[in-house]
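First the structure, in the form of structure tokens, and then the observations on it.
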Amino acid sequence: MTVGMLIIFGGLPGTGKTTLAREIARRISATYVRIDSIEKAVNTSLGLDEAGIAGYMVGYAVAADNLRLGLTVIADSVNPIAITRDAWVKVAEDLGIAFLEVEVVCSDSAEHRRRVESRSSDIPGFILPTWKQVVDREYEAWDRAHVVVDTGMAGVEESVDHLIRQIWGESSSIDAD
């Protein structure tokens, strides 16, 4: 049986995590699990304004189902607090599957703001956060080793190539933040 891995993305809206996560999923033919899409579907189906934890819980279950099949899964979410990060890791650990945590940041605040204010939603009916909502959002510092990709310092191709080297172990260093 083929053994996959769980690649867990996190980062504030507008940092480029969805762009990177999608491109990596495409390049390595991984299953792509996006919490924004799940939350929008849950909200629409139940007539809610906020899915609460339901979106993440569905994401964990879908990821686990695909990991059991031996597939590699890319989990794309803001992943803003330790409890959500720990839950993603637990999915992998419970299955004895390797995982890689990736935090996407944009150190250029002017560029980050430009992205947030100029983008449009690719999920019908999904309302993107404003710049104020992004900067006011609860977002806990990561407390363990993980890969950090700064999209304010590198383009999409360079960032994806770096991450693929991390995934396939061609580089032995993982940046701790």
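Structural remarks
- The modelled label-to-label distance between residue 53 and residue 123, using points 7 Å beyond Cα along the C-beta direction, is 1.9 nm.
- Annotation: extensible slack from residue 62 through residue 94 equals 10.1 nm (criterion: 0.36 nm per residue apart, minus Cα-Cα distance).
- Summing Lys and Arg as +1 and Asp and Glu as -1 over all other residues whose Cβ lies under 13 Å from the Cβ of residue 127 gives a net charge of -3.
- Comparing 95, 163, 128 in a Gaussian network model of the chain (Cα springs below 10 Å), the most mobile by mean-square fluctuation is 95.
- When the alpha-carbon atoms of the chain are used, the pair Rg, Dmax equals 15.6, 47 angstrom.
- Of all beta bridges that DSSP places with both ends in the chain, some 5 percent have antiparallel geometry.
- Between the stretch 118-170 and the stretch 78-105, the alpha-carbon center distance in angstrom: 15
- Between the beta carbons of residue 136 and residue 156, assuming R0 = 35 Å, the FRET efficiency works out to 0.80 to the nearest 0.05.
- Extending 7 Å from the Cα toward the beta-carbon at both residue 111 and residue 81 defines two label points whose distance is 3.1 nm.
- The calculated 222 nm mean residue ellipticity attributable to helices in the chain amounts to -14000 deg cm²/dmol, summing -39500 (n - 2.57) over DSSP H runs of n ≥ 4 and dividing by all residues.
- Peptide packing: for 14-23, 106-115, 76-85, the average count of neighbouring Cβ atoms within 10 Å per residue gives the ranking 14-23, 76-85, 106-115, highest mean first.
- Charged-residue dipole, Cβ positions (Lys, Arg, Asp, Glu), the stretch 1-139 about Cα centre, Debye nearest 20: 360
- Here residue 90 is the anchor, and the aspartates and glutamates within straight C-alpha reach of less than 19 Å, apart from those fewer than 8 places off in the same chain, are 65, 76, 101, 103, 140, 143.
Values quoted throughout were computed directly from the atomic coordinates according to the rules given, and no laboratory measurement underlies them. Just so you know, these numbers come straight off a predicted model, no measurement behind them. Every residue, glycine as well, gets a Cβ built from its backbone with ideal geometry; the counts of neighbours run over all protein chains shown.
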